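Before any comments, here is the structure.
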Amino acid sequence: MEETEFTPEEIEAARVLFARPATFVMGAAKIEQLPDPDLPEIAFAGRSNVGKSSLINGLVGMHKLARASNEPGRTREVNFFDLDGRLRLVDLPGYGWAKASKSTTKKFQDLGRDYLRGRVTLKRVYLLIDARHGLKSVDAEALDALDLAAVSYQIVLTKADKLKKGEGEKMQAATLKAVSKRPAAFPVVALTSSEKGIGLPELRAEIMRTTGTTLA
């Protein structure tokens, strides 16, 4: 299983960066409402119940920066969060939500696609997948959209704390194999748990390296 290597200095620098102030900037319901593309951005995508809000909150060490909802699919806007004026974290609308009307679902999924296609400052998309279930057919459309947009993306397995010993590594390997032929997929699968903090130091370092963000 291929892993990204990080030095202790990179891990520490990323910890310091993500401990700095993080604030909600805005939610954009239309492509014209997006903030100016003046900072590097990384985006989080995934099914409505995969734990996007928990992962964003876990990365910045805040409980309520990104708001989770008991009603799956509440995120119908592209939500922007500023990290210390150096980096933006972007929460894309969840997909796979059956309760929305087809027209409503299409509207906010199209917004996500428009963002992916036209955002020059977008450095990478982190596609979240529940580690207990792996890639499902509903994820294929998202993978296709990312490949079509030619945006670098990395699979992040969530809820690793729910797995038995050894299952996480098996799921990492199976997921990597499943996306190995996809043109825009980054060839490393991250294994994380927002609840236990598993994999978050490495993911912070990955984001810092990918965006070229520094502490200076």
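The values are calculated or read from the model by the stated rules, or taken from the named source; none is laboratory data. The structure presented is a predicted model; accordingly, all values stated were derived computationally and were not measured. Note that each Cβ is placed from the backbone with ideal geometry, even for glycine, and that neighbours are counted across all protein chains shown. When the accessible area is computed, the model is the full protein with side chains, heavy atoms only, and any ligands, DNA or RNA have been set aside. Shrake-Rupley method; radii C 1.70, N 1.55, O 1.52, S 1.80 Å.
Computed values, structure above
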item: Any hit, segment 145-159, residues being part of a loop (DSSP other than H, G, I, E, B) and of a type in the set (S, T, N, Q); result: yes
item: In segment 154-183, the residues that are in contact (Cβ under 8 Å) with a residue 60 or more places away in the chain and more than 21 Å from residue 45 (Cβ to Cβ); result: 169, 173
item: Filter pass, residue 56 being farther than 20 Å from residue 79 by Cα, open to solvent by less than 80 Å² (accessible area, probe 1.4 Å) and not in a strand (DSSP E or B); result: no
item: Candidate set: segment 112-169, residues that are crowded, with 17+ Cβ neighbours inside 10 Å and among the acidic types (Asp, Glu); chosen: the one nearest to residue 49 (Cα to Cα); result: 130
item: Count of segment 83-110 residues which are under 18 Å from the mean Cα position of the chain (by Cα), at pLDDT 55 or above and assigned to a helix (DSSP H, G or I); result: 2
item: Residue tally, condition open to solvent by 30 Å² or more (accessible area, probe 1.4 Å), farther than 11 Å from residue 40 by Cβ and not acidic (Asp, Glu), over segment 76-91; result: 2
item: Residues satisfying the stated conditions in segment 187-216, i.e. open to solvent by 20 Å² or more (accessible area, probe 1.4 Å), within 15 Å of residue 42 (Cβ to Cβ) and polar (S, T, N, Q); result: 210
